[in-house]
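Novice: Here it is, the structure, as structure tokens.
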Amino acid sequence: MSAPPHPTVAPPDATVVPRLIPHRPDASLGAHLARLGPPPRPTRSLVEQVEAAGVRGRGGAGFPTGVKMAAVAARSRTRGPIVVANGTEGEPASAKDQTLLVHVPHLVLDGMVAAAGAVGAREAILCVDRRHRHVVDAVGRAVGERQGRWADTVAVRVAQVPSRYVAGEESALVHWLNGGEAKPTSSPPRPFERGVDGRPTLVDNVETLAHVALVARFGAEWYRAIGTPDEPGTVLLTVGGHAARGGVYEVPSGVPLAALLDNAGAPLAELAGVLVGGYFGTWLDPATAAAVAVDHSSLRAVGGSLGCGVVFALPRGHCGLAETARIARWLAGEGAQQCGPCAHGLPAMAEAMEHLSAGGPGASRAHVRLHQLFVQVEGRGACRHPDGAVRMVRSALEVFAADAAAHAAGRPCPPAPAWLPTPAPGGWR
Ligand SMILES: Cc1cc2nc3c(=O)[nH]c(=O)nc-3n(C[C@H](O)[C@H](O)[C@H](O)COP(=O)(O)O)c2cc1C
Ligand code: SF4
């Protein structure tokens, strides 16, 4: 089984804690209010509450959300700020943001309104991928249901963003909302300084904003009751691949990866490796995966990253190098080709990876070349796209080192069907 093409909520099990997404979700406003009560009045003091709660961004980097909110709030006297909720989810193996938006859209909308009130914004834009029609429909319905409620202190609109991997990068989103192509712009100024219409702009992932909505309702102490002290709360993970019960799991941050995989029907004994964090993430070998917890610092300690919460199980007998070569080629095609590492480095890396994967006459040279390319590409792009691609490919050479040596020596794995999804590219506008 591969990653779910449509959002599914995982079945309840020992690891699941349904804070954001209830076991039997109902997307209607009535059900939302019955479960959580009315949203509290927006207040500036939410910035301190979010800082005290220790909410970290769920869009990939895990940046402290309160710090970003404070930076935007501090600029609110010069020009009215604006909030952008990032629900584009360009990561093909991820479904957690789509799941959230389809099943509990009102929690995200509450978070947008609360965050806007906290930073002094009167306008908020919910960005979704225009090819995610189920999401476009769900959020359109939810925004319609709220018309005229709570005196509408914050105007919310939905924007349908082009389907590109880099379109979800915050400066790309801002550039597109300002009428340009959905390509990253070199920074500074960063969006929190000058973003949409030149205004201070708070760009937060939709899951992050759903957590903010819970902090606004229940406070920092409640929020910190689960998760780790450094990374409190729950986290949404998309478990896919060789998993009998794949889907989106909401678990306390710090849950053992082995327990999560077990509950999802993906026992480590049956796996060749686990891709954690998505296409900017890292492959983990089964022994490392057996001992690591799912949070930023634990994963960083073993050279991994949590990224956007993808956990993809590759079964034994399938070639991790072939999967990685396909993803590397896809990532090369998804770059905006504006910087050298993106225009030249990533295609060269994809080509070398394909040679190694094929195991033909040039495989050994390609293996050496890959290590040279890592050094040439890393740290040179204007955004993190090339670095993310390097991290994922480098981890594949480490985790599948024995396979890489065999391929380089002319003994490739037999061809096998593709597992990880690589969707066709969309436009830039
Ligand atoms: C190439 C690239 C693609 C990205 N795609 C997404 C995305 O699809 N969704 C998202 O929330 N963040 C994405 N990000 C991260 C955003 O730039 C930004 O950091 C994030 O939306 C901030 O939200 P957070 O602080 O709540 O994590 C991407 C970053 C890069 C470099
Ligand atoms: S690295 Fe690629 S995606 Fe990032 S800014 Fe440069 S050209 Fe654009």
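Novice: Could you check what % of the DSSP bridge pairs in the chain are antiparallel, to the nearest 5? Before the final figure, lay out the partial values.
Specialist: On the way: 18 of 40 bridges.
Antiparallel: roughly 45 percent of the beta bridges in the chain.
Novice: Starting from the exponent 0.38 and prefactor 2.2 Å, build the expected Rg for the chain from its residue count and divide its actual Cα Rg by it. Before the final figure, lay out the partial values.
Specialist: Working: Rg = 21.2 Å, N = 429, 2.2 N^0.38 = 22.0 Å.
Here the answer is 0.96, to two decimals.
Novice: First measure r as the distance between the Cβ atoms of residue 131 and residue 344, then evaluate 1/(1 + (r/R0)^6) with R0 = 22 Å and state the FRET efficiency to the nearest 0.05.
Specialist: Numbers: r = 29 Å, r/R0 = 1.30.
Once rounded, the FRET efficiency stands at 0.15.
Novice: What is the spin-label model distance, in nm, from residue 259 to residue 17 if the labels are put 7 Å beyond Cα along the C-beta direction?
Specialist: About 1.0 nm, to one decimal.
Novice: Turning to a different aspect of this structure: Accessible area of the range 320-408 with a 1.4 Å probe: how many percent of it is carbon plus sulfur?
Specialist: Values: 1890 of 3550 Å².
Here it works out to 53 percent.
Novice: To continue, here is another question. Using the per-residue mean of other Cβ atoms lying within 10 Å as a proxy for protection, in what order, highest first, do the peptides 355-366, 218-229 fall?
Specialist: On the way: 355-366: 19.4, 218-229: 15.5.
Ranked from most to least packed, the peptides come out as 355-366, 218-229.
Novice: Hey, can you rank 159-172, 197-210 by average C-beta count inside 10 Å, highest first?
Specialist: Top of the packing list down: 197-210, 159-172.
Novice: For the range 320-408, what is the relative contact order in percent, using Cα pairs closer than 8 Å and at least 6 residues apart in sequence?
Specialist: On the way: 118 pairs, mean separation 31.1, N = 89.
Over the range 320-408, the number comes to 35 percent.
Novice: Okay, moving on. For the range 64-80, in order, what is each residue's ³J(HN,Hα) by Karplus, 6.51 cos²θ - 1.76 cosθ + 1.60 with θ = phi - 60°, in whole Hz (x at glycine and Pro)?
Specialist: Whole-Hz 3J(HN,Hα) from phi for the range 64-80: x, 5, x, 5, 5, 4, 4, 5, 6, 4, 5, 9, 6, 7, 6, 9, x.
Novice: Further, regarding this structure: Could you work out the pair-distance distribution P(r) of the range 29-223 from its alpha-carbon pairs, with 10 angstrom bin width and percents rounded to whole numbers?
Specialist: Reading upward from the zero bin: 10, 40, 39, 11, 0.
Novice: Please list, short to long, the whole-number percent of alpha-carbon pairs of the range 274-423 in consecutive 10 angstrom bins beginning at zero.
Specialist: 12, 43, 36, 9, 0
Novice: Tabulate in residue order the Karplus-calculated ³J(HN,Hα) for the range 139-144, using 6.51 cos²θ - 1.76 cosθ + 1.60 with θ = phi - 60°, rounded to whole Hz; enter x for Gly and Pro.
Specialist: Coupling constants for the range 139-144: 6, x, 4, 5, 5, x Hz.
Novice: Past the 16 angstrom mark, what percentage of all C-alpha to C-alpha distances in the range 215-262 do you count?
Specialist: That tail contains 46 percent of the Cα-Cα pairs.
Novice: Then there's this: Once you list every other residue whose beta carbon is under 11 Å from the beta carbon of residue 273, what net charge do they have if Lys and Arg are +1 and Asp and Glu are -1?
Specialist: On the way: positive: 316; negative: 285, 323, 398, 403.
Result for the local shell: -3.
Novice: Turning to a different aspect of this structure: With a 1.4 Å probe and all protein chains left in place, how much accessible area per residue does the chain have, in Å²?
Specialist: Values: 16490 Å² over 429 residues.
Roughly 38 Å² per residue, with all protein chains present.
Novice: How many nm is it between the label spots at residue 122 and residue 186, if each spot is 7 Å from the Cα in line with the beta carbon?
Specialist: Computed distance between label sites residue 122 and residue 186 equals 3.7 nm.
Novice: Okay, next question. On a full-extension model of 0.36 nm per residue, what is the gain between residue 380 and residue 63, subtracting their alpha-carbon distance, rounded to one decimal in nm?
Specialist: 112.0 nm
Novice: In addition: Given a 1.4 angstrom probe, I'd like the percentage of the accessible area of the range 29-223 that is carbon and sulfur, rounded to a whole number.
Specialist: Numbers: 3610 of 7210 Å².
Solvent-exposed carbon and sulfur of the range 29-223 make up 50 percent of the total.
Novice: Taking every alpha carbon pair in the range 320-408, what does the distance histogram look like in 10 angstrom bins from 0, in percent?
Specialist: Per 10 Å bin, starting at 0, the Cα pair percentages come out as 20, 55, 22, 2.
Novice: What length, rounded to one decimal in nm, is gained on full extension from residue 365 through to residue 141, with 0.36 nm per residue of separation minus their alpha-carbon distance? Write down the numbers at each step before the final one.
Specialist: Details: separation 224, 0.36 × 224 = 80.64 nm, distance 5.50 nm.
Stretched fully, the residue 365-residue 141 segment lengthens by 75.1 nm.
Novice: Please give me the summed charge of the neighbours of residue 396: other residues whose Cβ is under 12 Å from its Cβ, Lys and Arg +1, Asp and Glu -1.
Specialist: Values: positive: 326, 391, 394; negative: 285, 323, 398, 403.
Combined, the nearby Lys, Arg, Asp and Glu give -1.
Novice: Quote the relative contact order of the chain in percent (integer), defining contacts as alpha-carbon pairs under 8 Å separated by 6+ residues.
Specialist: Details: 950 pairs, mean separation 78.1, N = 429.
Normalised by residue count, the contact order of the chain is 18 percent.
Novice: Right, next: Mind listing the phi-derived Karplus ³J(HN,Hα) values for the range 34-47, rounded to whole Hz, using 6.51, -1.76 and 1.60 with θ = phi - 60°, and x for any glycine or proline?
Specialist: 5, 6, 10, x, x, x, x, 4, x, 9, 4, 5, 4, 4
Novice: How much of the pair distance distribution for the range 134-277 lies past 28 Å, counting alpha-carbon pairs only, in percent?
Specialist: Details: 4333 of 10296 pairs.
That fraction is 42 percent.
Novice: Here is a follow-up. What accessible area, in Å² to the nearest ten, does a 1.4 Å probe give for residue 354?
Specialist: Its accessible surface works out to 70 Å², give or take rounding.
Novice: So if I place +1 on the C-beta of Lys and Arg and -1 on the C-beta of Asp and Glu, and nothing else carries charge, what would the dipole magnitude of the chain be about its Cα centre? I want it in debye, nearest 20. Before the final figure, lay out the partial values.
Specialist: Numbers: 40 positive and 36 negative charges, 187 e Å.
Here the size comes out at about 900 debye.
Novice: Can you list residues whose amide H is under 5 Å from residue 123's amide H, if they're 5+ apart or on another chain and H is modeled 1.01 Å from N?
Specialist: 83, 155
Novice: Okay, next question. Based on the Cα atoms of the range 53-125, what semi-axes does the equivalent ellipsoid have, where each is the square root of 5 times one gyration tensor eigenvalue, given in whole Å with the largest first? Numbers along the way, then the final one.
Specialist: Values: eigenvalues 109, 42, 23 Å².
One finds semi-axes of 23, 14, 11 Å for the range 53-125.
Novice: Applying 1/(1 + (r/R0)^6) with R0 = 45 Å to the Cβ-Cβ distance of residue 44 and residue 316, what FRET efficiency is obtained, to the nearest 0.05?
Specialist: Working: r = 54 Å, r/R0 = 1.20.
For residue 44 and residue 316, the calculated efficiency is 0.25.
Novice: To continue, here is another question. Given H placed 1.01 Å from N in the peptide plane, which residues other than close sequence neighbours of residue 307 have an amide H under 5 Å from its amide H?
Specialist: none
The values are calculated or read from the model by the stated rules, or taken from the named source; none is laboratory data. Just so we're clear, the structure is a prediction, and the values are computed from it rather than from any experiment. Please note: Cβ atoms are built from the backbone with ideal geometry, for glycine as well, and neighbour counts cover all protein chains shown. Calculation scope for accessible area: heavy atoms of the full protein, side chains included, ligands and nucleic acids excluded. Shrake-Rupley method; radii C 1.70, N 1.55, O 1.52, S 1.80 Å.
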